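Notes for the one structure printed next.
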Amino acid sequence: MNMTAQIKKNLILRIKDSKDLNFLNALQTIFDSSEQALYQLSSEQQSDIEAGRSEIKKGQIFKNEEVISEMKQWLQKK
């Protein structure tokens, strides 16, 4: 078992067996704050994501091979 899986297993067991409300509340706070930080985007990032989604819906996409080929051509000119 890898280290991550072992840590998860140990944490699950400790949480499951705990009767300490303060401990459980502290864990809840940690999880809540880490989730908020993970998904907090700036307005510019949100706007860029929406622009990208809009381009995809309109079919304004390029195959990966096309982009790589174009980049290689551009780099050869430098």
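The values are calculated or read from the model by the stated rules, or taken from the named source; none is laboratory data. Computed from a prediction, not measured in an experiment: that's the story for all the values here. Note that we place each Cβ from the backbone using ideal geometry, even for glycine, and neighbour counts take in every protein chain shown. Accessible surface areas use protein heavy atoms only, side chains included; no ligands, DNA or RNA. Shrake-Rupley method; radii C 1.70, N 1.55, O 1.52, S 1.80 Å.
Which one, [x] 1.93; [y] 1.99; [z] 1.17, gives Cα Rg over 2.2 N^0.38 Å as derived from the coordinates shown? Here the calculated entry is [y]. Between the listed residues 39, 76, 60, the Cα displaced farthest toward the positive end of the dipole of the chain, a dipole computed from Cβ unit charges relative to the Cα centre, is found at 76.
How much FRET efficiency would the formula 1/(1 + (r/R0)^6) give for residue 55 and residue 31, where r is the Cβ-Cβ distance and R0 is 35 Å, rounded to 0.05?
0.50
The count of lysine pairs in the chain with alpha-carbon distances below 30 Å, taking only pairs 8 or more places apart or on different chains, stands at 8.
Annotation: per residue accessible area for the chain equals 99 Å², rounded to a whole number [probe 1.4 Å, protein chains only].
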